[in-house]
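Chemist: Got a structure for you, questions after.
We did not get these values from a lab; they are worked out from the coordinates using the rules stated. Every value quoted in this text rests on a predicted model; they were computed, and no experiment measured them. Quick reminder, even Gly has a Cβ in these numbers, built from the backbone with ideal geometry, and neighbours come from all protein chains shown.
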Amino acid sequence: MINVQVDKNPNENSLSILRRFTKKVQGSGVLPRVRGIRYHARTLSSYKVKQKTLASLKRKEEIKELIKLGKMPEKPTRFSR
């Protein structure tokens, strides 16, 4: 982890210290890296992907069968009236 440190100069006010600090933080690239880690989704294993695909295919077949038997209405199209 990169620590950013700014020391106060003798004739410097707090706003300029804050401005220098934000510039150093932006220059160091800490924020993009932390945001990338924060929102990173772990990749699923091939087994999990396969199980998810098989489950969705099974559910699609069940829905198709229910529509065929008349127990489930067909999905209406967007522009049908």
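Chemist: Inverting the mean 1/r over all pairs of different Cα atoms, compute the Kirkwood radius of the chain and quote it in Å.
Modeler: Result for the chain, one decimal place: 18.9 Å.
Chemist: Based on DSSP H runs of at least 4 residues, each adding -39500 (n - 2.57), what is the mean residue ellipticity at 222 nm of the chain after dividing by all its residues, to the nearest 500 deg cm²/dmol?
Modeler: Values: 3 runs with 48 residues, N = 81.
Calculated mean residue ellipticity at 222 nm is -19500 deg cm²/dmol.
Chemist: How big is the dipole moment of the chain about its Cα centre under a simple scheme where the beta carbon of each Lys and Arg is +1, that of each Asp and Glu is -1, and everything else is neutral? Debye, nearest 20, please.
Modeler: Details: 21 positive and 6 negative charges, 71 e Å.
For the chain, the charge dipole is close to 340 debye.
Chemist: Also: Just give me a number: lysine pairs in the chain, eight or more positions apart or cross-chain, with C-alpha atoms less than 25 Å apart.
Modeler: Here the count comes out as 19.
Chemist: Go through Val49, Pro10, Val30 and say which Cα lies farthest out towards the positive end of the charge dipole of the chain; charges sit on Cβ, +1 for Lys and Arg, -1 for Asp and Glu.
Modeler: Val49
Chemist: If you don't mind, there's one more thing I want to ask. Rounded to the nearest whole Å³, what is the per residue volume of the convex hull around the Cα atoms of region 1-40? Each step should come with its number before you reach the end.
Modeler: Values: hull volume 2.4 nm³, N = 40.
Dividing the Cα hull volume of region 1-40 by its residue count gives 61 Å³.
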